[in-house]
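Chemist: Got a structure for you, written out below as structure tokens; questions coming shortly.
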Amino acid sequence: MKKRIPAAGMPAVVQKIASADAADLSPIRDMPAMVHSIDADGVIVDVSQKWLEVLGYSRSEAIGRRSIEFLTEESRAYATENVLPEFFRTGRCVDVPYQVLAKDGRVLDVLLSATCVRGDDGQVLRSIAIMQDVTARKRAERRLDAAKAYAENLLYTANVLVVELDTLGCVSRLNRAVEHLLGYTTAELSGQEWFRLVSPPDHYPRVHERLAHLGSTGSDRFESPVLSAAGVERQVVWRNSPVIDHDRVVGLLCVGVDVTEQRRAEARLAVSEQALRDAQSIAQIGSWMLDYQTGEVHWSEQMFRFVGLDPVQTEPSMERFLQAVHPDDRAEVEAGYRQALARHRPYDLRHRLLLDDGSVRYVHHCSRLVHSRNGRPERVVGIVQDVTLTVLQEQALQQSEELFRTVADYTCDWEYWQGRQKEMLYVSPSCLRVTGYSPIEFISDPGLFVRIVHPDDRVRFEAHLDDFECERDLQIEFRIITKDGEERWISHGCRPVYTKDGQRNGRRVNNRDITELKAAERQAHRLAYYDALTELPNRRLLMDRLGKAIPLANRQQRPLALMFIDLDRFKNVNDAFGHDVGDSLLIEVGRRFAGCLRTSDTIARAGGDEFIVLLPEIADAAHATAVAGKLLAALRPPVVCGDVSFDVSASIGIAVLAAGGSDDSSGLMKKADIAMYAAKQAGRNQFQVF
């Protein structure tokens, strides 16, 4: 090693190595999750194979495009306006809900968590993100929300009149059908005495006599005329029931059906007048009547509609009704009907109707026997109530409960629900995969979860548990020790659970295994701040430490030193023996230099054959020259690389920041560089102080 490396060749070498380090993202591609990395401009630089498989893109179709191009328009706006500003401020985000576009046009719901790497100036260099596909769960949640919204909207949009009164008979709320029928707005009726307004006592005294009876019984069905805002009279059949809150009647719910047109039809249809009147005394749905004396059967119009028959062309009979009953329910319905007739007893059952168009309706079918004044059976009156919506809602509730348990049982996250006394009510099977312990072990031993927390994290976790009664969502990260002794990172999120009446009912917890994410964060940090060859700090980390050391030295009024080290004639080694031998030599030199320094000092590889040493705590310049002497002495023994032995020397430039000095990082680096070249010009294998 006799020839000096030209200064003009150094930047190209440094740039090549730095580029290779930055591009070494192979760990991302092998991750068994949807992972991608983007640069500071939001452009994708690499993705995992799992990312490509789920979204259907090739690697060339993904790399080089901005990550937000794969989001839906709504998610893109949300990311730009809300998520990215906070992400660049904090350097991380967790479980951000996005919608991602697959190549085949599918829209996937995902939860994205990411972390970023910043440069010395605080600017983002790149970030690594992991996405979890939650499309199935989101779809189920949307279906459930739609079902709930439909049920809540049904009351307001129903074709029947709905009025809620307080204990004084004043209007608390009403639905759109009331506004449409009577011509009043909600604002005009709110707080008004309902029946006094729509059925004035001077016009309808008998109505108010009935109301007095209604108040004494608390619940009744009755029919009354009402006046619209324009003075038009409508006939309404009311079904009333008390509104009860905590075993106390707080009002009355009146459900009315406008029967004005029906009453007019009844005047023309004398045959069905009695049947319809009796049917209204039971329920205004579909009704039928069997006359014991004549054997004739009468159906209400709704009954004809139920079975899809024309009332003009069809002669009603039980046989015709049974034809509309679902084949699987027909025998039960017929047996109940025959038994009721034979024993003169009512019957009550729920069954299905199979209509001509193939649709199925659920009905509640019941009847009662009506006796004459002398006590003899006179007729049987029955109603058929369409309860399809109720049945479907019951099924939807059951399905939603099964769906929740299915989602919880098969999600990759480990979830559990603690009751009010911190007992385990439910633990998802994923706990076995994450911890090695089964659900039954956690349920039977509630203290197990605390015991598997890493000892170094247990105090912090127990402090988190003290917030069990907290009303807000909580998030914490910690390590656990699995059953087989493995250490894993957990992202632990919990939120309070409440009953329908607002009572606290424990809390629900989601535990996500983020071990791979933590490993990716550590790998990203190492790629950003350490030299891949020597595993020494790189220039970026050296500059970060120097930027902190100078202000500290000034505050404490003590000197510090910076050394530039350049190996003499290193290029000859690469030219004669190849880069593999040269790399082995650099590794050994870095090891020897590191052995000469204190733990508070920093030895960094700046690139090529250049090293930089930071001595943040020295007494004076002599201390720095003594260290430089130790570094030169460390190179005197030959460096053996395989079968070849090398005599290595170096030129060292020293820049000392005196106590209270004014040099910044750039100035100190420049001085050390000048001193290093002075050492080379003086004959190499020595140090010079600026």
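The values are calculated or read from the model by the stated rules, or taken from the named source; none is laboratory data. On a predicted model such as this, the values are computed, not experimentally measured, just so you know. Glycine also receives a Cβ, built like all others from the backbone with ideal geometry; neighbour counts cover every protein chain displayed. Each accessible area value is taken on the protein alone, full model and side chains, heavy atoms only, with ligands, DNA and RNA left out. Shrake-Rupley method; radii C 1.70, N 1.55, O 1.52, S 1.80 Å.
Chemist: Would you check the accessible area of Asp467, probe 1.4 Å, heavy atoms only, in square angstrom rounded to 10?
Modeler: 70
Chemist: With all protein chains present, calculate the accessible area of Phe577 using a 1.4 Å probe and round the result to the nearest 10 Å².
Modeler: Near enough 100 Å² of accessible area.
Chemist: Could you derive backbone 3J(HN,Hα) for segment 37-52 from the dihedral phi with the Karplus parameters 6.51, -1.76 and 1.60 (θ = phi - 60°), listing whole Hz in sequence and x where the residue is Gly or Pro?
Modeler: 10, 10, 8, 5, 8, x, 8, 5, 9, 6, 9, 7, 4, 4, 4, 5
Chemist: Okay, next question. Considering amide H positions built from the backbone, and no H for Pro or chain starts, which residues 5 or more places from Glu415, or on another chain, come under 5 Å of its amide H?
Modeler: For Glu415, whose amide H was placed from the backbone, the distant partners under 5 Å are Ser428, Ser430, Cys431, Asn511.
Chemist: Once Lys and Arg get +1 and Asp and Glu get -1 on their Cβ, which of Pro446, Ala158, Ser127 lies farthest toward the positive end of the dipole of the chain?
Modeler: Going by the charge dipole, the pick is Ser127.
Chemist: Take the solvent-accessible surface of the protein heavy atoms, probe 1.4 Å, and return the percent of it on the chain that carbon and sulfur atoms account for.
Modeler: Ligands and nucleic acids excluded, carbon and sulfur reach 51 percent.
Chemist: Of Val83, Ser190, Leu585, which is farthest towards the positive pole of the chain's charge dipole, taken about the Cα centre with +1 and -1 on the beta-carbons of Lys, Arg and Asp, Glu respectively?
Modeler: The listed residue farthest towards the positive side: Leu585.
Chemist: Report, by chain and number, residues whose modeled amide H sits under 5 Å from the one on Thr314, excluding near sequence neighbours (fewer than 5 apart, same chain).
Modeler: none
Chemist: Also, I was wondering about something else. For Arg196 and Ala342, calculate 0.36 nm times their separation in residues minus their Cα-Cα distance, and state this gained length in nm to one decimal.
Modeler: 47.8 nm
Chemist: Taking a 1.4 Å probe, which of Ser67, Ser645, Ser241 shows the most accessible area, and what order do the others take after it?
Modeler: Descending order: Ser645, Ser241, Ser67.
Chemist: What are the ³J(HN,Hα) couplings of segment 514-522, residue after residue, when phi is run through the Karplus curve with 6.51, -1.76, 1.60 and θ = phi - 60°? Round to Hz, x for glycine and proline.
Modeler: Taking θ as phi minus 60°, the curve returns 10, 4, 5, 5, 5, 5, 5, 5, 5 Hz for segment 514-522.
Chemist: Ignoring ligands, DNA and RNA, how do Glu319, Glu179 rank by accessible area with a 1.4 Å probe, largest first?
Modeler: So the residues, ranked largest to smallest area, are Glu319, Glu179.
Chemist: Continuing with the same structure: Tilt of helix 135-157 relative to the longest C-alpha principal axis of the chain, in degrees (0 to 90, nearest 10)?
Modeler: Once rounded, one gets 30 degrees.
Chemist: Rounded to a whole number of µm²/s, how large is the Stokes-Einstein D of the chain at 37 °C and 0.692 mPa s, given Rh as the Kirkwood radius over C-alpha pairs?
Modeler: So the translational diffusion coefficient is about 97 µm²/s.
Chemist: To the nearest 10 degrees, how steep is helix 455-465 against the longest Cα principal axis of the chain, on a 0 to 90 scale?
Modeler: 30
Chemist: When the helix-only estimate is applied to the chain (DSSP H runs of n ≥ 4, each -39,500 (n - 2.57), divided by the residue count), what is the mean residue ellipticity at 222 nm, nearest 500 deg cm²/dmol?
Modeler: Dividing the helical sum by the residues of the chain leaves -12500 deg cm²/dmol.
Chemist: Using a probe radius of 1.4 Å on heavy atoms only, what accessible surface per residue do you get for the chain? Whole Å² is fine.
Modeler: Ligands and nucleic acids excluded, the figure is 52 Å² per residue.
Chemist: Right, next: Sequence gap at least 6, Cα distance under 8 Å: using those rules, report the relative contact order of the chain to the nearest whole percent.
Modeler: The value is 8 percent.
Chemist: So how tilted is helix 579-595 from the main axis of the chain? Cα-based, degrees 0 to 90, rounded to 10.
Modeler: 90
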